[in-house]
Amino acid sequence: MKGEIVSAQQFTIIVFLFSIGTTILIIPGTMANAVKQDAWIAAILGVVLSLLLVKLFISLGNRTPNLTFIEANEKILGKFMGKFTSVGFIFLPLLSAGELFFFIGTFMHTEVMPETPTVAFAILFSIIIIFATYLGVEVFARCAEILFPIFLFLFVVFIICISPQIDIKNVQPILDTPTKSLLGGILNFMSTFSFPLVVLLMIFPSAINEHKSAQKGFYIGTIAGGLVLTVIIALSILVLGATNTSHQSYPSYALAQNISIGNFLQRIEIIMAFMWMFTIFVRSYVYFYASVKGLAQIFNIKDHRPLILPLGMISIAFSQILHPSIVHSINYNKETWPLFTLTVTILLPLLLLFVAKLRKIQSTEKISNTINDIEEKNTN
């Protein structure tokens, strides 16, 4: 499993699909509940602010370009403190993987096959993730390349089919939300959209073949993913209205159920289900891979594959005990999740970047480039 390499293009696609993730199905409801008809405005502002977060992750990654986030913790903070913060970080992807298994089980049980228990779906989906993790990140990246055009095609078809149902009155009046609620909506959006991007530091830039292109891809993938989510939020409000959107557990799925063209093309909500399946697969894999790879590096295990099955079983267990109901999950994502991720995704990277500057830890590539520039000036 050594020497796995992901191209810059593949990484861009991973960022795009990962940033959408489960958010495409649930974020319209939480945003509409927080900021009503101005949810799409809060989403746009959230995407803009997310670029600053991406800049932070890129700056940190450039300090230790050949190390994963776990390895960078130990190099910058020292062996003891590095392992301590790494253990705290591992809880984020491990718990998140279990929560995504819960989402897939609850959604399929509620909307598709109500007679099948949620744990059955969680087990089946976890088998796919476990198998993909055994195959490695290179195979996963190629799989993401295959899913990407299919997702785009389904997204375009979805927009075309739902457009006749749009009612512009549903977004009026514009900017009628209090500033406090708007800020809360932005934080809620970023907590599910861009805060989890920190997990990609387990891949970027240590497993990327072209660092500079991957940096651009990080921005492009984030912007493109944010654009998709903003469109979904706007369409949910334009078609369903802010009140109906806020009352739905899966607003995007309910939005797709409203598609009706000539009383012939109807009930094609499976389009939204497939789009969600693609993105949740990518996010689940990255979460699970980061937890397996990170735990192996914490305990200095060279081959992480023996940990895949045990952690897979733990993730399935988490999917059954984390949330007793979808209501508990929604409240958790609205109240607890933003504070939890804020610590790991902003405070910890800021701390690492600050300590790295104090200890003058920087990329050897930068040092060699600086030496080359000096030699070129002297020769001239």
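The values are calculated or read from the model by the stated rules, or taken from the named source; none is laboratory data. Given the structure is predicted, the values throughout are model-derived calculations rather than measurements. Please note: Cβ atoms are built from the backbone with ideal geometry, for glycine as well, and neighbour counts cover all protein chains shown. Please note that ligands, DNA and RNA were not included when accessible areas were found on the heavy atoms of the full protein model with its side chains. Shrake-Rupley method; radii C 1.70, N 1.55, O 1.52, S 1.80 Å.
One table, with the values for the structure above:
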{"quantity": "Segment 149-179 - residue that is under 22 Å from the mean Cα position of the chain (by Cα) and open to solvent by less than 60 Å² (accessible area, probe 1.4 Å) and, of those, nearest to Thr245 (Cα to Cα)", "calculated": "Phe158"}
{"quantity": "Condition check for Val231: modelled with pLDDT of 90 or more, more than 14 Å from the chain's Cα centre (by Cα) and aliphatic (A, V, I, L, M)", "calculated": "yes"}
{"quantity": "Unique match (being in a helix (DSSP H, G or I), modelled with pLDDT of 90 or more, among the aromatic types (Phe, Trp, Tyr) and out of contact with any strand residue (DSSP E or B) (no Cβ under 9 Å at 6 or more places or on another chain)) among Phe158, Phe153, Phe140", "calculated": "Phe153"}
{"quantity": "Close pairs from segment 29-50: first open to solvent by 40 Å² or more (accessible area, probe 1.4 Å), partner outside any helix (DSSP H, G or I) and among the β-branched types (Val, Ile, Thr), Cβ under 8 Å, at least 6 apart", "calculated": "Lys36/Thr177"}
{"quantity": "Of residues in segment 294-308 being assigned to a loop (DSSP other than H, G, I, E, B) and not β-branched (Val, Ile, Thr), the one most open to solvent (accessible area, probe 1.4 Å)", "calculated": "Lys302"}
{"quantity": "Failed item, numbered, when Leu53 is tested on (1) modelled with pLDDT of 90 or more; (2) in a loop (DSSP other than H, G, I, E, B)", "calculated": "(2)"}
{"quantity": "Residue that is within 13 Å of the chain's Cα centre (by Cα) and of a type in the set (Gly, Ala, Ser), where the choices are Gly46, Gly21", "calculated": "Gly21"}
{"quantity": "Qualifying residue in segment 309-332 (condition: at pLDDT below 90, within 18 Å of the chain's Cα centre (by Cα), among the β-branched types (Val, Ile, Thr) and part of a helix (DSSP H, G or I))", "calculated": "yes"}
{"quantity": "Set Gly225, Gly217, Gly221: member being in contact with a Phe, Trp or Tyr (Cβ under 6 Å, 6 or more places away or on another chain), under 23 Å from Lys36 (Cα atoms) and either open to solvent by less than 20 Å² (accessible area, probe 1.4 Å) or modelled with pLDDT of 95 or more (or both)", "calculated": "Gly225"}
{"quantity": "Residue within segment 344-351 that is touching a helix residue (DSSP H, G or I) at 6+ places or on another chain (Cβ under 9 Å), among the hydroxyl-bearing types (Ser, Thr, Tyr) and either at pLDDT below 85 or part of a helix (DSSP H, G or I) (or both) present", "calculated": "yes"}
{"quantity": "In segment 189-207, the residues that are over 13 Å from the mean Cα position of the chain (by Cα) and open to solvent by 10 Å² or more (accessible area, probe 1.4 Å)", "calculated": "Ser206, Ala207"}
{"quantity": "Test: residue in segment 177-184 that is free of Cβ contacts under 8 Å to residues at least 12 places away in the same chain, among the polar types (S, T, N, Q) and either part of a helix (DSSP H, G or I) or touching a Lys or Arg at 6+ places or on another chain (Cβ under 6 Å) (or both)", "calculated": "yes"}
{"quantity": "When residues of segment 316-336 are limited to those that are crowded, with 20+ Cβ neighbours inside 10 Å and in contact with a Ser or Thr (Cβ under 6 Å, 6 or more places away or on another chain), the one nearest to Val119 (Cα to Cα)", "calculated": "Ile316"}
{"quantity": "Which listed residue is part of a loop (DSSP other than H, G, I, E, B), aromatic (Phe, Trp, Tyr) and touching a helix residue (DSSP H, G or I) at 6+ places or on another chain (Cβ under 6 Å), from Phe204, Phe218, Phe189", "calculated": "Phe204"}
